[in-house]
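All remarks here apply to the structure that follows.
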DNA sequence: AGTGCCATCGTTAGCGTTCACAGCCAGGTC
DNA sequence: GACCTGGCTGTGAACGCTAACGATGGCACT
């Protein structure tokens, strides 16, 4: 054997021509075998496959991408990827993309600013992604996105439906409504709300659902408190609520606090803790409900009533949307632009009076 | 102007030649401008940049990769990316990679099997990654990895140090030791342990640290219970422990249960809940400690003593390791193969007797 | 004035693949 | 036997970029 790749110093990856030579065919035939073209005799196909095996040949993706003009790569821009929701979405999304034959590259934003978003997208398009999914549910993000006019399709997750950008989202408003109605049905006069930070579309939609449910029931609508999704901010809001609960209606600071709908489970944890510390028992004196149904929620003390979102489905749907846009090419269906997924209320002990 | 791209139907992305023509230079000069080559006159550089701007030109990454033989892409294989730890690592890793000028593509494993791991790696190498980080802290995963003999460098995260694969990890054994010593110092005769699932290196290292601390203190070493990282499995283990606590030493089922070291925070939540339900108060009757310091831990009831791992640092270190291996090329330093990061004990109410 | 150097720029040749096209040979039809 | 058809295979030309080298002209130094 004259093959002593070690001796040559630089061992170069085998190319299609190498395989062709070894199999005694042309490089084009090798290409045909690789792309499962039918018109190849079985015997030569076998020969080629053997050569591929022996050389450990792998198709060069760059060369392929160059000529086909397809990188088969999708980009994702995500914002708080350590949170359960975004992480789960990313997970489902990646799996779906892989099934469709795409690779996904993610860029994470430490904190959302229009500039950071643009840089992230820039970074991705520098590598030739064919499309991107943006999981930055911020009002300004979607607005910035609409401005950008990118040369590839974009799909948002929880990006709201006010702008003409295709996207998928959970019906957050319905979620807020479900929780609120559940609490009202349990006999509470009204329901307080600890909201997510301003500008976050999910936060706003949950507020809207909560308000709508209260109005429809003719209940008083208290001023919502505002957190930033973290347990700590929930804790602070909980302290505030505990103060009001103690004061009652006396000082005219809104209705009595007997039920709280918190915009996510982490903050609900903080709220519960603060209420407890203030001597208020949950759920006996104050009912607390969250949103997301993180794995821990079931084991909180007490187990947390919450709204479950099918994050995996969201991820899958976003990929379907993006891929359909990619494959369609010229054909602009333009109809399946919005996917809305229904959330589900999960009732647990935190809202059930003993 | 004869430029009517709309009229041609297919608007093709502008190429370097287009820019060159518009700027009145050769494509090579455009290339030089793009790669910040010094020997370009300022005036022509400006001209080229203007043409680039006007045409909205972007370098074709595939063509570039083809000729430079560098895709500037790194792959990651992760296992439970919805968990706080892996998600945080991924996050830090991506950021570090971006700073180094790389794009990272992640593939997630729903569940670890050697086959799934191999497929994931296959998928990545199909796209021409230059190296990969494997965040699958399973004994069999690292073993399978060592077998594979891949044509690009691999770095493990929490992959243990028994095999000759470079990797970075937190000193889990030290973590287990710190918790155990803390509990012993608080006056507990011994410490029980709820471990992670078998085969997981982190679980094993934490067991080792726990055992070592007990032995050194001359304390009895109970049989560890085994969970699977989920709150539910912790709950089950907690029920088991509660049963033993009630039985005391009577039935000879091991030492008294007054302190439990749980291998992660989620399971610790389940354990605490089960103990509470059984009428045992935490920490008055049983002290509970966890591992990871997830954001919720501080707000558990009671706030959880735990071990904080700097996941972001882990991610960064893994990228440094990988990139150094990539840039080094022929130079085999071979020394900086292992990075160990020290964890930190965070003491909270769950282990402090009132 | 001749020489050399250096900054600046253009020309050419690949990188490894797919696509379009053209050949070839067997088998069927008239 | 001439012709066509269709399965199978090879040849050449892109794809858009960078690397290597060559050409040019201005400047300083001999």
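No value in this document is a laboratory result; all are computed from the given coordinates. Computed from a predicted model, the values in this text were never measured in an experiment. Cβ placement follows ideal geometry from the backbone for every residue including glycine, while neighbour counts extend to all protein chains displayed.
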Exposure proxy check on B:192, B:127: fewest-to-most Cβ neighbours within 10 Å is B:127, B:192
Once the label point is placed 7 Å from Cα along Cβ, list for residue B:119 the distances to the corresponding points in the other copies, in nm, shortest first.
-> 3.8
Counting only C-alpha contacts under 8 Å and six or more residues apart, can you give the relative contact order of the stretch A:106-174 as a whole percent?
-> 25
Comparing A:47, A:202, A:119, which has the greatest mean-square fluctuation in the GNM of chain A with Cα pairs linked when under 10 Å apart?
-> A:47
Footprinting proxy, A:190, A:351: sorted fewest to most Cβ within 10 Å, the residues are A:190, A:351
Expressed in nanometres to one decimal, the distance between label points 7 Å along Cα→Cβ at residue A:312 and residue A:328 is 2.7
How many angstrom lie between the C-alpha centres of the stretch A:175-225 and the stretch B:125-170?
-> 48
Going from the fewest other Cβ atoms within 10 Å to the most, one would list B:201, B:232 as B:232, B:201
GNM flexibility winner over chain A from A:146, A:242, A:313 (Cα, springs under 10 Å) | A:146
Compute the acute angle (0 to 90°) between the alpha-carbon long axis of helix B:139-148 and the principal axis of greatest extent of the alpha-carbon atoms of chain B; round to the nearest 10°.
-> 30
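Please state the relative contact order of chain A as a whole percent: Cα pairs under 8 Å, 6+ residues apart?
Details: 654 pairs, mean separation 55.9, N = 354.
For chain A, the relative contact order is 16 percent.
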Do you know the relative contact order of the stretch B:142-210, to the nearest whole percent, from alpha carbon pairs under 8 angstrom that are 6+ apart?
-> 29
GNM flexibility winner over chain A from A:143, A:51, A:106 (Cα, springs under 10 Å) = A:51
By the gyration tensor of its Cα atoms, with a ≥ b ≥ c the square roots of the eigenvalues, what is the shape of chain B: rounded for a/c under 1.5, prolate for a/b over b/c, or oblate?
-> prolate
Among rounded, prolate and oblate, which fits the stretch B:1-119 when a ≥ b ≥ c are the square roots of the eigenvalues of its C-alpha gyration tensor, a/c under 1.5 means rounded, and a/b larger than b/c means prolate?
-> prolate
Answer rounded, prolate or oblate for the protein assembly as shown, using the Cα gyration tensor with square roots of eigenvalues a ≥ b ≥ c: rounded when a/c is under 1.5, else prolate when a/b is larger than b/c, else oblate.
-> oblate
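How far, in nm, would the chain grow between residue A:223 and residue A:17 when pulled straight, counting 0.36 nm per residue and subtracting the alpha carbon separation?
67.0 nm
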Asserting the computed 222 nm helical MRE of chain A (DSSP H runs at least 4 long, -39500 (n - 2.57) per run, divided by residue count, to nearest 500) equals -14000 deg cm²/dmol
Antiparallel content of DSSP bridges confined to the protein assembly as shown, in %, to 5 | 15
So if R0 is 25 Å, what FRET efficiency would residue A:118 and residue B:27 give, r being the distance between their Cβ atoms, rounded to the nearest 0.05?
-> 0.35
Computed label-point distance, nm, for sites residue A:163 and residue B:37 using a 7 Å Cα→Cβ extension | 3.9
For residue A:164, go 7 angstrom from Cα along the Cα-to-Cβ vector, then report the distances to that same point in the other copies in nm, smallest first.
-> 6.2
For the stretch A:16-59, convex hull of alpha carbons as volume per residue, Å³ | 56
On Cα atoms only, tilt of A:114-126 relative to the major axis of chain A in degrees = 20
Using Cα atoms only, what is the angle between the long axis of helix B:84-99 and the major principal axis of chain B, expressed in degrees (0 to 90) to the nearest 10?
-> 30
Copy-to-copy spacing for residue A:215, label 7 Å out on the Cα-to-C-beta vector, in nm, shortest first?
-> 6.9
